[in-house]
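Below you'll find the structure, written out as structure tokens, and then a few comments.
The values are calculated or read from the model by the stated rules, or taken from the named source; none is laboratory data. Please read these numbers as outputs of a predicted model, since none were measured by experiment. Don't worry about glycine lacking a Cβ; one is built from the backbone with ideal geometry, like all the others, and counts go over all protein chains shown.
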Amino acid sequence: MNINYIIKVFLSITVLAMITSCGSVKPQVPAGALAKKQSTGEGTKVNETANKKPDVAAKKPEYVLTVKAPVNMGNKNSAQMVVRAPVVKGKETKVQTNENKVNVAAMTKVAQPKLSESKKGSSYSNYIRVKTIYELATDANPAMFLPHDEFETADEYKSRVSEQVKLMKEIVQMTSQKMDIKKAQRIQVAKEKELKTRSVIENIMAESSSPIEFTPTDIGRYNPENETFPVILRDTQYQISVPRDEARTFKANFKSVKIKGVKQLKPKYDVSIKAYKAHIRSRPNGSIVGIASKGATFEHVQDEDEWYKINYKGQFGFTHMNNAELKLVDIDDKYEFHDMVAIHPTTGSMFAMISVDKLVKAPLNLASRKLYESGKPDGPDQ
């Protein structure tokens, strides 16, 4: 038992000695430094770099990391910031040379690229600067706007300031006149364009005119007081004025009656408000549904008595003829008929025809009649 105990103690001491010898590294001290220490008693610094393993101390960066970051310079210019740093595999390496040092704070700032010689003298800008009246006057007469000179009297300087004010007023007046001239030119160009468009449309309409001949579909009861026949032609009701002495034979030979006229492409109009403010009503003399300002335009639907029926905000509205005027803007793909006459089959007499849509369907409201005769617009008081 004592032998076993001794063996265990011996093994423990041996293992402890091996661990201690492996965990410590004796510094390598040159012989000269050791002799100096023994003679002077001073400590000597140990070269720890020499104690490092040669493969770690001499390890070189395996590659160089290059980072390119675009930087916005403003004024449509841009620069590119390039950062290079050596990288050792498995370890972070701090760059020690001034050439490769990276200043993190500097990366957040906007770099200023060197502009080429051609761009340095460029006067281009991303915005427009409008000169003031003072600057315009200074450009016109720089000597007048010089500061008070030491050899200039107070009265002379006061007189010069008065001339400055006078010059600036003249520039303002000239600028206003130029604006008025340009406005008049724009109005004139718009009128010429409108006249040209109207002329082109009228020529096309004239070229589309052609004679037509129809046979009426049906005829109604004769009105001896008005001496008229109601007839139906192409789903439209007309009235034919026939004298009483020919009315009987006209109706008896109705199937042989010929109707002649002219067909023409239908024009399209816009209703342009010419009054300062104009009422838009739900129907003629009806409730007010809106107010239109001068210059506003609306699609014209048709005329009803003394009112224009228009397309107002997706619904039908009515404005008085005193408020607006018609402007020819385009041509419709439909035809309208003009100069319609009915020819008596036996006598050859021609009788005028008129569409019921063009007739006055009901007596006009007295207020509407007075408004029309006065020529005043139907709108709010100014």
Within the range 232-283, restricting to residues that are among the hydroxyl-bearing types (Ser, Thr, Tyr) and in contact with a Ser or Thr (Cβ under 9 Å, 6 or more places away or on another chain), the one that is surrounded by the most Cβ atoms within 10 Å (Cβ to Cβ) is 238
In the list 194, 225, 202, which residue meets the criterion of being in contact (Cβ under 8 Å) with a residue 60 or more places away in the chain and either exposed (fewer than 10 other Cβ atoms within 10 Å of the Cβ) or within 31 Å of the chain's Cα centre (by Cα) (or both)?
194
With the requirement that a residue be acidic (Asp, Glu) and on the phi > 0 side of the Ramachandran plot, what does the range 304-354 give you?
305, 339
For the range 321-352, give me each residue that is more than 30 Å from residue 216 (Cα to Cα) and of a type outside the set (A, V, I, L, M, F, W, C).
322, 323, 325, 327, 330
Quick check on residue 303: is it over 23 Å from residue 229 (Cα atoms) and at pLDDT below 90?
yes
